[in-house]
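Report on one structure; see the data block that follows.
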Amino acid sequence: MKKLLSICALSFSAMLLVACTSTNESVNAQTCNSGNVILTADFAAGRMDECKALGNSEYLITLKPENTPINSSPWYAFKIQAEQPTTIKVTMIVKGNKHRYLPKISPDGLNWKLQSHKLNGKRLIMDIDASQNAVYISAQEIIDNQYYVDWAKTLQNKMKVSYDVLGKSTQGRPIYKIESKSNSKEWIVVLGRQHPPEITGALALFPFVETLLEDTTLAKQFREKYNVLVIPNINPDGVFMGNWRHNANGLDLNRDWIDFSQPETQHINNYLKSLVAQGQKIKFAIDFHSTPHDVFYTMPVNYGIEEPYFVKHWLGHLDKAMPNFNVVLQPGNTPNNGVSKQYFADNFNVHAITYEVGDETNRESIKVIAKNASTVLMQTMLSNTDHNKE
Ligand SMILES: [Zn+2]
């Protein structure tokens, strides 16, 4: 757990003024201030665990995980501003671990490009032009909790969906659900952001869901036959704090789908079980994540769940529909480790997949693949093909 820290409001007038006020939000609000230049992480999803000014134009940032042991996915996001234009050198090291994400730069927190850098052993070194116009440097695009709220509201303005709080996180943040509901009793479930830094998974979830909820004949037919439940941001505390992987209790939520020791997974399990208790059926689930390369983790065809060839058919069609994209399907059975995919198979006797997007997969490709995956999924779920046979 993080201590209550001060949030500092910065002002660049004749002299650099730093005014600090206390807040209830706990932020990893490290600030490096060497007179002309200031580096700070005092915003939602911001993080640079330690920052040291080594003179006027050189900075050393040390990244540290929320707790250990942990999968090595060091997250960082900070803002740089200078009273007088100057070029600074920033070196980032990871305590006890190695870098995973290539640095990105943005003038506004919305538009990003790769930041040039050198990897010198464990040191990631960047030269950055600083001026009065702040720039953001981040491990990936910053998609904070507010981003999901704005996205859901845009969906709601365009489409007939409900948008409600499913429950509260460990630190009391809302976990939202978006639903499209017809007279059907069958559901497909879309999950995201169990792991906060896995941004490319989020970048795929958005177009995937938008395609399911579109005003096309296919999507309308699909939504007549299937209800859609989307829980796009399961770990809002981890997202806010810029955690590498865990929730506010230092636990990996995607290992908690047997024990349900955490409020985040409990809310989802309780809700799904309540649907089933009302005679509804969970038909399929997709959980969005990121890893070094695009891959779909699936349940094996011989696992004994219903329509054993359904996922193979779907992803086979996707592979054919996208000649320039190699669909990699990796079936696996991992009993007792508490991942969501296995939870759906074991509790509802249906397929589920972990949709893994490469960390540095081209952002335009992520959209195109996700849109196609969604379209082909709807076609496959509406077709009369027998998924009991290869
Ligand atoms: Zn993950």
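The values are calculated or read from the model by the stated rules, or taken from the named source; none is laboratory data. Only a predicted model underlies this, so the values are computations on that prediction, with no experimental measurement involved. Cβ: placed from backbone, ideal geometry, glycine included. Neighbour counts: every protein chain shown.
The condition (being more than 30 Å from Thr211 (Cβ to Cβ) and in contact with a His (Cβ under 9 Å, 6 or more places away or on another chain)) is satisfied by just one residue among Asp127, Asp49: Asp127.
Residue-by-condition table, conditions (1) of a type in the set (S, T, N, Q); (2) out of contact with any helix residue (DSSP H, G or I) (no Cβ under 6 Å at 6 or more places or on another chain); (3) within 20 Å of His387 (Cβ to Cβ):
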residue: Gly238; (1), (2), (3): no, yes, no
residue: Ser261; (1), (2), (3): yes, yes, no
residue: Leu275; (1), (2), (3): no, yes, no
residue: Met299; (1), (2), (3): no, no, yes
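Restricting attention to segment 326-339, the residues that are surrounded by fewer than 16 Cβ atoms within 10 Å (Cβ to Cβ) and more than 26 Å from Ile268 (Cα to Cα) add up to 2. Return the only residue of Val161, Val165, Val189 being away from the ligand (no atom under 16 Å from the Cβ), aliphatic (A, V, I, L, M) and crowded, with 22+ Cβ neighbours inside 10 Å. Being away from the ligand (no atom under 16 Å from the Cβ), aliphatic (A, V, I, L, M) and crowded, with 22+ Cβ neighbours inside 10 Å holds for just one of Val161, Val165, Val189, which is Val189. Scanning segment 301-335 for residues that are part of a loop (DSSP other than H, G, I, E, B) and under 24 Å from the mean Cα position of the chain (by Cα) turns up Phe325, Asn326, Val327, Val328, Gly332, Asn333, Thr334. Name the one entry in Leu229, Leu203, Leu213 that is over 18 Å from Lys341 (Cβ atoms) and more than 16 Å from the ligand (Cβ to nearest atom). None of the other options fit; the residue is Leu213.
Restricting attention to segment 201-236 and to residues that are surrounded by 24 or more Cβ atoms within 10 Å (Cβ to Cβ) and of a type in the set (S, T, N, Q), the residue that is farthest from Gln156 (Cα to Cα) turns out to be Asn235. Scanning segment 340-365 for residues that are under 20 Å from Asp294 (Cβ atoms), crowded, with 22+ Cβ neighbours inside 10 Å and within 16 Å of the ligand (Cβ to nearest atom) returns Ser340, Lys341, Ala352, Ile353, Thr354, Tyr355, Glu356, Val357. For the residues Lys158, Lys98, the requirement of being more than 27 Å from Asp237 (Cα to Cα) and at pLDDT below 95 singles out Lys158.
For the criterion of being assigned by TED's automatic domain parsing to the domain that holds Leu203, touching a residue at least 24 places away in the same chain (Cβ under 8 Å) and either surrounded by fewer than 20 Cβ atoms within 10 Å (Cβ to Cβ) or within 16 Å of the chain's Cα centre (by Cα) (or both), Trp151 passes. The requirement of being surrounded by fewer than 21 Cβ atoms within 10 Å (Cβ to Cβ), at pLDDT 95 or above and over 30 Å from Thr170 (Cβ atoms) is satisfied by Pro323.
Looking for whichever is of a type in the set (Lys, Arg), more than 19 Å from Arg193 (Cβ to Cβ) and surrounded by 14 or more Cβ atoms within 10 Å (Cβ to Cβ) here; the options are Lys104, Lys113, Lys89, Lys98. Which one fits? Only one candidate passes the filter, namely Lys89.
Within segment 276-316, being touching a residue at least 60 places away in the same chain (Cβ under 8 Å), surrounded by 17 or more Cβ atoms within 10 Å (Cβ to Cβ), within 16 Å of the ligand (Cβ to nearest atom) and not hydrophobic (A, V, I, L, M, F, W, C) holds for Asp287, His289, Ser290, Thr291, Asp294.
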